[in-house]
Amino acid sequence: MKTLILAATVSMAALAASQSAAQDLELSIYTGYQTSPHSRVSGDYPGGGSYDKLIGWEGKSFSMPIYYGIRGTWWTTDTLGFGLEFSHDKVYAPEDEREDIGFSRMELTDGLNIVTVNAMKRWPMQWGKATPYVGGGLGIAVPHVDVETTSGDKTYGYQLTGPAMRLTAGVSYPINDRFAAFGEYQFTYSSNEADLDGDGSMNVDVKTNALNVGITMKF
């Protein structure tokens, strides 16, 4: 996962360098409060048998590792942009619910990593100095699967688990010519098919809702 984050950061930096003269590249960093509604998790236990359970996921945004994201956007015009985004979302299965189906741990917490290619639309200075924007993206989920059964079978590592999407709506406000602050709502959806050590599996579609605040640097 460090390699994935580094690759995303290098890609954003390279895009910034190539477009610096035009001053239409932005790099945004954010954190916030992220939650996840109930979804059904199913699959096969390591060693045999199956499970199926509705889980009320917990986000725990400010527990380590915290929830955060990085977004690079190249504005090809004053109103239309494209870019790349990485968000370190995460979900925990509550203790009583996971134990009901024989798991002592069931987490995607380092994290439920979502990488998307985005299209963005903005309306510069629409509300005084404030600029509203919306965006959406398609990509992949690369979660850190941290699952352990009550019998001791353990899965711990990053996996490419399936497709993902992202929707964003927010408002940015300039601090000076180089920096802007922003607040936004963001939704992600990922379809995850994870392998559990011992020939088991875990299948779950995860939705997240987040209220983000962050800083944008313009190049």
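Every number here is computed from the coordinates shown, using simple stated rules; none is lab data. Quick caveat, the model's predicted, so the values are computed rather than measured. Here the Cβ positions follow ideal geometry from the backbone for every residue, glycine too, while neighbour counts run over all protein chains shown.
222 nm [θ] for the chain, helices only, -39500 (n - 2.57) per DSSP H run of 4+, per residue, to 500? Provide the component values of the computation, followed by the final result.
On the way: 2 runs with 24 residues, N = 219.
After summing the helix terms and dividing by the residues of the chain, the value is -3500 deg cm²/dmol.
Separation of region 183-219 from region 67-103 is 4 Å, based on Cα centroids. Taking every C-alpha pair closer than 8 Å and separated by at least 6 residues, the mean separation divided by the residue count of region 29-149 gives a relative contact order of 21 percent. Over 27 Å apart at the Cα level, from the set LYS53/LYS90; LYS90/LYS154; LYS60/LYS154; LYS53/LYS121; LYS60/LYS121, are LYS53/LYS121; LYS60/LYS121. Charged side chains reduced to their Cβ positions (Lys and Arg at +1, Asp and Glu at -1) give the chain a dipole of some 1140 debye around its Cα centre.
Return a whole-number percent for the relative contact order of region 28-89, with Cα pairs under 8 Å and 6 or more residues apart as the contact set.
32 percent
The long axis of helix 2-19 is offset from the longest Cα principal axis of the chain by roughly 10 degrees. Against the empirical curve 2.2 N^0.38 Å, the C-alpha radius of gyration of region 136-216 lands at a ratio of 1.51.
Excluding LYS90 itself, what net charge comes from residues whose Cβ is under 11 Å from its Cβ, given Lys and Arg +1 and Asp and Glu -1? Don't skip to the answer; put the middle values down first.
Details: positive: LYS60; negative: GLU58, ASP89, GLU107, ASP110, ASP146.
Surrounding charge for LYS90 is -4.
What number, in percent, do you get for the relative contact order of region 106-219 if the mean sequence gap of Cα pairs under 8 Å and at least 6 apart is divided by its residue count? Working shown, then result.
On the way: 280 pairs, mean separation 24.8, N = 114.
Relative contact order, region 106-219: 22 percent.
Bridgeable aspartates and glutamates around LYS207 (alpha carbons under 16 Å apart, same-chain partners fewer than 8 residues away excluded): GLU58, ASP89, GLU107, GLU193.
For the pair SER39 and THR150, label points projected 7 Å from Cα toward Cβ lie 2.6 nm apart. For Rg and Dmax of the Cα atoms in Å, the listed values are (i) 18.9, 62; (ii) 16.4, 49; (iii) 17.9, 56; which was obtained by calculation from the structure presented? Among (i) 18.9, 62; (ii) 16.4, 49; (iii) 17.9, 56, the one derived from this structure is (i).
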